[in-house]
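> The structure under discussion is supplied below as structure tokens; questions concerning it will follow.
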């Protein structure tokens with residue numbers, strides 16, 4: 001039975017971290033909300049009664065009877081099934097910790113354009129967004145990317161992967177974070193990337209993997225846009 | 001060997017979700033940063049080389065050689081060891097999904113007083129905090145608490161627990177969230193709590209557990225204060 005992925009249609013968003021894992025593994029999956037009637041099916045599942053598993057928000061994944069919510073939880077579940085994480089419990093735990101740091105980073109990236117309220121448009125919180133983005137670019141982006149660069153280059157098994165000597169879903173997620181940041185903040189990233197040569201090499205290696213390359217060229221890959229977590233508003237980017 | 005918990009001294013903060021699980025289970029643990037020299041030891045570990053496990057931020061837990069970062073990851077690891085989660089993989093996955101929704105909620109609670117920048121004082125982002133808190137109280141708090149109330153009352157095994165028919169770390173974490181919200185937003189919670197009778201009953205049941213009761217009365221339990229995730233600034237609370 002194929003995995004069923006539920007996520008908002010039209011944006012890569014948080015669903016993309018799951019898609020990249022499924023695509024890299026060549027897994028059989030359905031992207032439900034991109035099919036006719038799929039969004040309604042998704043919204044209905046979110047209201048389902050009698051289930052501790054009713055998700056708070058997309059993305060969620062259904063495998064058989066099991067409903068799995070939150071990106072990090074989905075990837076933790078899929079990791080061993082798709083061969084995208086070590087089998088050892090300790091390394092799986094470490095991988096999950098890194099993915100949760102990515103989760104926090106993505107939430108902060110989102111809040112650069114929505115610092116006040118999800119329920120308001122960007123245009124209704126622009127002064128706050130300008131202030132938050134300036135802090136994000138000067139403090140938070142270097143802190144997070146510097147941390148991931150350090151973890152990568154300190155890997156005793158070599159800087160080709162974040163954990164151990166094999167590709168994991170964390171490598172795929174960092175590829176996507178760099179893609180998204182380049183889209184959202186091209187000037188800031190252009191200026192900062194000399195500080196993270198290891199991550200840039202990791203990004204390029206992921207991009208060159210045959211299944212990823214073919215996925216990126218397919219219509220299954222959605223383009224970034226201004227409804228996504230990663231949005232390009234030139235006024236929020238570095239100004240010089 | 002006792003578990004070693006690393007978290008900032010002087011605040012309950014995110015470390016408290018781990019402490020409650022350790023305390024409820026009567027586990028042998030050391031709260032390192034509350035011991036002489038402990039904070040230095042914690043900061044040194046965060047800079048450790050050669051380890052994918054180097055944590056981005058506290059809290060983290062050390063069990064033998066394994067360094068485990070992020071609250072949800074620590075609780076996922078401890079759950080089966082402390083008897084605070086079902087043994088079945090599906091239910092563990094569902095429990096982890098709920099804990100990750102709590103993680104997101106706690107991040108939003110934090111951002112009510114820090115909507116612009118972690119690196120600035122509250123006083124330097126007060127207009128933004130007023131705006132964000134108003135949205136939080138009218139939109140986000142009812143959305144999150146309403147969701148948890150729905151999951152609880154829909155539990156086919158009864159509304160005594162969030163998942164299945166036994167206490168899990170998610171129940172303990174929701175106790176702490178309600179404690180924190182009552183501290184931070186007493187007027188708003190006073191007005192809202194009639195909508196979440198199930199969660200209030202769950203909170204009271206957790207509070208009455210012998211080990212929790214004894215922990216709360218001990219000096220190991222830290223009081224909420226204005227350096228914590230949960231802060232009481234009367235101007236951010238409901239005004240009438």
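> Residue check: is residue B:147 in the same structural domain as residue B:112 (by TED's automatic domain parsing), at pLDDT 95 or above, assigned to a helix (DSSP H, G or I) and closer than 23 Å to residue A:47 by Cα?
In short, yes.
> Could you figure out which of (1) within 15 Å of the chain's Cα centre (by Cα); (2) surrounded by 15 or more Cβ atoms within 10 Å (Cβ to Cβ) isn't true of residue B:188?
(1)
> Among B:170, B:163, B:206, B:229, which is the only one that is outside the structural domain of residue B:96 (by TED's automatic domain parsing), in contact with a helix residue (DSSP H, G or I) (Cβ under 6 Å, 6 or more places away or on another chain) and surrounded by 14 or more Cβ atoms within 10 Å (Cβ to Cβ)?
Step by step, each of B:170, B:163, B:206, B:229 is checked, and only B:229 is outside the structural domain of residue B:96 (by TED's automatic domain parsing), in contact with a helix residue (DSSP H, G or I) (Cβ under 6 Å, 6 or more places away or on another chain) and surrounded by 14 or more Cβ atoms within 10 Å (Cβ to Cβ).
> Checking the condition crowded, with 18+ Cβ neighbours inside 10 Å and under 15 Å from the mean Cα position of the chain (by Cα), which residue from B:136, B:224 passes?
Just a single option satisfies the conditions, and that option is B:224.
> Could you list all residues from the stretch B:61-72 that are crowded, with 18+ Cβ neighbours inside 10 Å and farther than 24 Å from residue A:142 by Cβ?
Within the stretch B:61-72, B:61, B:62, B:63, B:68, B:71, B:72 meet the criteria.
> Right, here's the next one. Among the residues of the stretch A:96-103, is any within 11 Å of chain B (Cβ to nearest Cβ) and more than 30 Å from residue B:118 (Cα to Cα)?
Checked against the condition, which is being within 11 Å of chain B (Cβ to nearest Cβ) and more than 30 Å from residue B:118 (Cα to Cα), the stretch A:96-103 yields no hits at all.
> If you don't mind, another one. Can you tell me which residue is surrounded by the fewest Cβ atoms within 10 Å (Cβ to Cβ) among those in the stretch B:104-117 that are more than 8 Å from chain A (Cβ to nearest Cβ) and under 19 Å from residue A:72 (Cβ atoms)?
The qualifying residue surrounded by the fewest Cβ atoms within 10 Å (Cβ to Cβ) is B:110.
> Can you tell me which of B:37, B:90 is at positive phi, free of Cβ contacts under 8 Å to residues at least 24 places away in the same chain and either surrounded by fewer than 18 Cβ atoms within 10 Å (Cβ to Cβ) or in contact with a helix residue (DSSP H, G or I) (Cβ under 9 Å, 6 or more places away or on another chain) (or both)?
B:37
> A follow-up question, please. Return the residue satisfying two criteria in turn: it lies in the stretch A:37-77 and is closer than 22 Å to residue A:95 by Cβ and assigned to a loop (DSSP other than H, G, I, E, B), and of such residues it is nearest to the other protein chains (Cβ to nearest Cβ).
Within the stretch A:37-77, the match that is nearest to the other protein chains (Cβ to nearest Cβ) is A:70.
> Within the stretch A:9-33, which residues are more than 24 Å from residue A:83 (Cβ to Cβ), in contact (Cβ under 8 Å) with a residue 60 or more places away in the chain and crowded, with 17+ Cβ neighbours inside 10 Å?
Selection gives A:11, A:13.
> For residue B:132, which of the numbered conditions (1) over 22 Å from residue B:204 (Cβ atoms); (2) assigned to a helix (DSSP H, G or I); (3) more than 8 Å from chain A (Cβ to nearest Cβ) fails to hold?
(3)
> Among (1) under 23 Å from residue B:80 (Cα atoms); (2) more than 7 Å from chain B (Cβ to nearest Cβ); (3) crowded, with 23+ Cβ neighbours inside 10 Å; (4) touching a residue at least 40 places away in the same chain (Cβ under 8 Å), there is one condition residue A:84 misses while meeting the rest; what is its number?
Going through (1) under 23 Å from residue B:80 (Cα atoms); (2) more than 7 Å from chain B (Cβ to nearest Cβ); (3) crowded, with 23+ Cβ neighbours inside 10 Å; (4) touching a residue at least 40 places away in the same chain (Cβ under 8 Å) one by one, residue A:84 breaks only (1).
The values are calculated or read from the model by the stated rules, or taken from the named source; none is laboratory data. Fair warning: this is a prediction, and the values are worked out from it, not measured in the lab. For neighbour counting, all protein chains shown are included, and Cβ atoms are generated from backbone atoms with ideal geometry for every residue, glycine included.
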